[in-house]
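**Student:** The structure's right below; bear with me while I get my questions together.
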Amino acid sequence: RANDVYYGGEYLNTLNSTFGRLTYDYNEKYLFTGIIRRDGSSRFGPNNKYGYFPSVALGWNISEEPFLKSVRAIDQLKLRLSYGAVGNQGINPYQTQALLGRTAYSWDNTPAYGYRPATIGNPDLRWETSTTQNAGLDFSFFNGRIAGSVEYYITNTTDLLAPQPLPTSRGFGGYITNIGQTRNKGIELTIGSVNVDSKGFKWTTDFIFNRNREAIIELANGKVDDIASGRFIGQPLTVFFDFKKVGIWQSNEADLAAKFGDKVGQVRIEDSNLDGRINAGDRQILGSAVPDFTLGITNRFTFKGFDLSFFVFGRFGQMIRSRFHTDQNSLAGRYNNLNIDYWTPNNPTNEFPQPVVTQEFPKFNSSLQYFDGSFIKIRNINIGYNVPESFASKLKMDGLRIYASIQQPFIFSEYITKYKGMDPETYVDGEQGVGGGDINASISPAARIITFGVNIKF
């Protein structure tokens, strides 16, 4: 069809890698593994196509030592230590080059198309490198009734491949470069247990716990905050930088509110720099999208052909920026609004401000969209029944199983925090700027899915 316009593109990138590995095992007690790899990527410029990434790992099977051989309660006890580096080439092809973009111009008073510089090239782009130090302990006790591992790690990432914003007066929004250093450190714990295994009934539990701390160590200008990009030394990559709501101006605070240029019933902002007024200098880091910790618990039950399992997942301590409240909580004019606890002379709440008469948003409206995003949810429930082989064989079958499952049946966030909205887990991290940018931009909430099925084997 003549009016149809089709767009397409072709990208080519190649990766050239070599590596060598050396392993050593002494009497199944002392283990050693060493690896060196050399990776080359066409995505980088001619100056830095290749990177070298070594790693070494040591293992000690403590349970094989003579002083533990006689301890029957211990099945396995293994200590692991490792150090290694990996590279990241996570940029689009051709970003080391200055690319052209199509533009329109006038040629002798006749409209025409041409090309202009669209991006800033950077031929010195190089591999982003993450170096990890890890210590772990694997264990198993009482003939496998309790087993698991505990890990402690520190990961330092240098030469981050990140966009560097530029003033718009330069004609470009920014360019990709290697800037700064970040650090992640944390602990992970996994435990599996056989709680009951008797008379055809078995109950097992798997538990996972994770606690991670993320911090920016350096930026393009060293240990100096980059407020324009929303990046702060010592803070996670994803933080919310905005005014902090400390309540609502109450009737007995009218004079004090007037000193700050505010009115009773409107949002009260913290004067963080104590200069007696509210301005851009009062913005502060409110929180991060990185949780304090996460955990998951899976329970499985089996009894005479029946089986039941369910998975409980929780995330605690992270902040979300609720676009749902931004879009549906205008508190302005005659717009529809959420059913919220807003201020009136007869309801002196500190939750939300008094709606304004005009079709304008309340002052400091952005401070109303940040919430504690902690939640616990039942991620899934599965139940099934394996029909006895004697019955299945009568139907000319090798096996017959009937099952049902439900995904996302229960979400508990309102009972933990004051957040009343869509599933807080569906908020995803994104790039940020001053005020939090697009961090936690909301997407469709998790769908509850119920499935029934039959598995037949012939």
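**Student:** Write down the accessible area per residue of the chain in Å², having rolled a 1.4 Å probe over the full set of protein chains.
**Tutor:** Each residue of the chain exposes 60 Å² on average to a 1.4 Å probe.
**Student:** What nm distance separates the two modelled labels at D124 and E389, each placed 7 Å from Cα along Cα→Cβ?
**Tutor:** 7.0 nm
**Student:** Return the sequence-ordered ³J(HN,Hα) values of the range 237-249 in whole Hz as given by the Karplus equation 6.51 cos²θ - 1.76 cosθ + 1.60 applied to θ = phi - 60°, using x for Gly and Pro.
**Tutor:** Those phi angles translate into 5, 10, 10, 10, 10, 6, 6, 9, 6, 10, x, 10, 5 Hz.
**Student:** Run lengths n ≥ 4 of DSSP H only: what is the helix-derived mean residue ellipticity at 222 nm for the chain, with -39500 (n - 2.57) per run over all residues, to the nearest 500?
**Tutor:** Calculated mean residue ellipticity at 222 nm is -1000 deg cm²/dmol.
**Student:** Turning to a different aspect of this structure: In whole Å, what is the distance between the alpha-carbon centres of the range 278-299 and the range 356-424?
**Tutor:** Distance between centres, Cα-based: 22 Å.
**Student:** So, one more: What order do R379, R183, R72 take when sorted by accessible area (1.4 Å probe), most exposed first?
**Tutor:** Final ranking, largest accessible area leading: R72, R183, R379.
**Student:** What is the set of long-range amide H partners of N380 at a cut-off below 5 Å, with H atoms built 1.01 Å from backbone N?
**Tutor:** Hits under the 5 Å cutoff: F311, Q408.
**Student:** Shifting gears a bit: Please report, as a whole percent, how much of the solvent-accessible surface of the chain comes from carbon and sulfur atoms (probe radius 1.4 Å).
**Tutor:** 55 percent
**Student:** Provide R323, R126, R448 ordered by accessible surface of protein heavy atoms (probe 1.4 Å), highest first.
**Tutor:** Reading off the accessible areas and sorting them downward yields R448, R126, R323.
**Student:** Among P165, P123, N143, flag the residue with its Cα farthest along the positive direction of the charge dipole of the range 96-170, charges on Cβ as +1 for Lys/Arg and -1 for Asp/Glu.
**Tutor:** Of the candidates, P165 comes out farthest on the positive side.
**Student:** A further question on this structure: Starting from the residue with the highest accessible area, list L58, L161 in decreasing order, probe 1.4 Å.
**Tutor:** Largest to smallest exposure gives the sequence L58, L161.
**Student:** Label F32 and F301 with points 7 Å out from Cα along Cα→Cβ: what is the distance between them in nm?
**Tutor:** Distance between label points: 5.2 nm.
**Student:** Compute the length gained on full extension between A98 and S70: take 0.36 nm times their separation in residues and subtract their Cα-Cα distance, giving the result in nm to one decimal.
**Tutor:** 3.3 nm is the gain from fully extending A98 to S70.
**Student:** Could you derive backbone 3J(HN,Hα) for the range 137-148 from the dihedral phi with the Karplus parameters 6.51, -1.76 and 1.60 (θ = phi - 60°), listing whole Hz in sequence and x where the residue is Gly or Pro?
**Tutor:** Rounded to whole hertz, the list is 9, 9, 8, 8, 10, 6, 6, x, 5, 10, 8, x.
**Student:** Now for a different question. Under a crude label model (7 Å from the Cα following the beta-carbon direction), how far is S149 from F172 in nanometres?
**Tutor:** Result: 4.3 nm between the two label points.
**Student:** Please list, ordered by chain and number, the residues whose modelled amide H lies under 5 Å from the amide H of G45; skip anything fewer than 5 residues away on the same chain.
**Tutor:** Placed amide hydrogens put L125 under 5 Å from G45.
**Student:** Using θ = phi - 60° and the Karplus form 6.51 cos²θ - 1.76 cosθ + 1.60, what ³J(HN,Hα) does each residue of the range 383-399 get, whole Hz, x for Gly and Pro?
**Tutor:** 9, x, 9, 8, 5, x, 4, 4, 6, 5, 5, 5, 9, 6, 10, 7, x
**Student:** Could you list which residues have their amide H under 5 Å from that of G399, counting only those 5 or more apart in sequence or on another chain, with H placed in the peptide plane?
**Tutor:** Hits under the 5 Å cutoff: K457.
**Student:** Another one. What's the FRET efficiency of N279 with N195 using the Cβ-Cβ distance as r and R₀ = 56 Å, to the nearest 0.05?
**Tutor:** E(calc), rounded to 0.05, equals 0.45.
The values are calculated or read from the model by the stated rules, or taken from the named source; none is laboratory data. Since the structure is predicted, the reported quantities are computational estimates derived from the model, not experimental observations. Methodologically, a virtual Cβ is constructed for each residue, glycine included, from the backbone with ideal geometry; neighbour enumeration extends over all protein chains shown. All accessible areas refer to the heavy atoms of the entire protein, side chains included, with ligands and DNA or RNA removed. Shrake-Rupley method; radii C 1.70, N 1.55, O 1.52, S 1.80 Å.
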